[in-house]
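J.: Structure provided below as structure tokens; questions to follow.
The values are calculated or read from the model by the stated rules, or taken from the named source; none is laboratory data. Predicted model, so just to flag it, every value in this text is computed and none were measured. Backbone-built Cβ (ideal geometry, glycine too); neighbour counts: all protein chains shown.
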């Protein structure tokens, strides 16, 4: 007390002078370095992902809580108290690869000639619901129905036929909300031909397709982090190919057991296949139309518009079109007279009447 004076009466800290169980300084530095590297690369840099990299690439095992504590002390974590707890979400996933494929498309801005001017393009993706494996990711000027159908066929050729698909209600995926005026589009026709169950989310419920939505968020975050932004679709496609390879084979996925990569999860189980025979279904449609002045009506089949000749004699006549797949009947809406019956040729735009040109002679009417 004589040596310390009045300070001897002050309360002393009970903190130990040494903490042999504390995380070594070099490990703390490694955690922060991984956080910085992953963030700069546009990849997930959460505690789970950092722990996976420590274990698989640095032979170091730290608990998620320890990594989170290190990040918090270093000021590398932004508190987000407004987020819903993960336990409040109802989660679902297919039991097998190819049991369900999700698809959607998103927008991205090209850096045109390094100027402020940009050009928007669209990226379509097909994702396996069970494994989150990115099956197909391509860039286009604009996503159309034929592009969706082609991308699906290419994916099937590479990975096999899925049991079902899940998309939103965009017209390139389904015409079910269009009132039936356009019939089945190209994708719907392809799915029915292969006995694939088509599922669509309810309007204004994007969480139903949450896996593909989250994938697109991860993709765009990675793209924006690249030091050189693409100026052409070809350059963007090269970046997309790099990302897909990284995402499928080297990036741990937090939603998969043991933080496995999507490629590991996709190849671990046997693939599902279509199991419901739907070949006997017939697609019935009833449409109202008016014969134009050239004697023609139009009908969309498999996403393609076809012109059906009725004859100039019936120009401006209101008609009912009864369609059963490719079997078409055209009836006068006022009299009930059958004006034409045919089996539509889907390879031809115009379906001729087979009669000589010109008005029908009165004796043959």
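J.: Looking at the range 310-320, can you tell me whether even one residue there is surrounded by 14 or more Cβ atoms within 10 Å (Cβ to Cβ) and within 24 Å of residue 174 (Cβ to Cβ)?
T.: No, the conditions are met nowhere in the range 310-320.
J.: Taking the condition in a strand (DSSP E or B), crowded, with 24+ Cβ neighbours inside 10 Å and modelled with pLDDT of 90 or more, does residue 135 pass?
T.: Working: in a strand (DSSP E or B): yes; crowded, with 24+ Cβ neighbours inside 10 Å: yes; modelled with pLDDT of 90 or more: yes.
Considered against the rule, which asks whether it is in a strand (DSSP E or B), crowded, with 24+ Cβ neighbours inside 10 Å and modelled with pLDDT of 90 or more, residue 135 comes out as yes.
J.: When you look at residue 165, is it in contact with a helix residue (DSSP H, G or I) (Cβ under 8 Å, 6 or more places away or on another chain) and part of a strand (DSSP E or B), yes or no? Please lay out each step first, then the result.
T.: Details: in contact with a helix residue (DSSP H, G or I) (Cβ under 8 Å, 6 or more places away or on another chain): yes; part of a strand (DSSP E or B): yes.
When the stated conditions are applied, residue 165 passes them.
J.: Still on this structure: Could you pull out the residue among 236, 219, 223, 240 that is over 22 Å from residue 263 (Cβ atoms) and buried (at least 18 other Cβ atoms within 10 Å of the Cβ)?
T.: Details: 219 fails: over 22 Å from residue 263 (Cβ atoms); 223 fails: over 22 Å from residue 263 (Cβ atoms); 240 fails: over 22 Å from residue 263 (Cβ atoms).
Only one candidate qualifies: 236.
J.: Next up: Of all the residues that make up the range 168-193, how many are in a loop (DSSP other than H, G, I, E, B) and crowded, with 17+ Cβ neighbours inside 10 Å?
T.: Restricting attention to the range 168-193, the residues satisfying the condition of being in a loop (DSSP other than H, G, I, E, B) are 168-185.
Okay, now just the ones that are also crowded, with 17+ Cβ neighbours inside 10 Å, so 168, 172-175, 182-185.
Residues that pass the stated criteria total 9.
J.: Same structure, new question: Would you be able to tell me the number of residues in the range 23-59 that are assigned to a loop (DSSP other than H, G, I, E, B), at pLDDT below 85 and surrounded by 10 or more Cβ atoms within 10 Å (Cβ to Cβ)?
T.: Number of matching residues: 7.
J.: Could we say that residue 73 is touching a strand residue (DSSP E or B) at 6+ places or on another chain (Cβ under 6 Å), modelled with pLDDT of 80 or more and either in the same structural domain as residue 158 (by TED's automatic domain parsing) or under 28 Å from residue 37 (Cα atoms) (or both) here? Step through it out loud before you land on a result.
T.: Numbers: touching a strand residue (DSSP E or B) at 6+ places or on another chain (Cβ under 6 Å): no; modelled with pLDDT of 80 or more: yes; either in the same structural domain as residue 158 (by TED's automatic domain parsing) or under 28 Å from residue 37 (Cα atoms) (or both): yes.
Judged against the criteria, residue 73 is not a match.
J.: Would you call residue 187 within 16 Å of the chain's Cα centre (by Cα) and over 26 Å from residue 264 (Cβ atoms)? Working first, answer last.
T.: Details: within 16 Å of the chain's Cα centre (by Cα): yes; over 26 Å from residue 264 (Cβ atoms): yes.
Against the criterion (within 16 Å of the chain's Cα centre (by Cα) and over 26 Å from residue 264 (Cβ atoms)), residue 187 qualifies.
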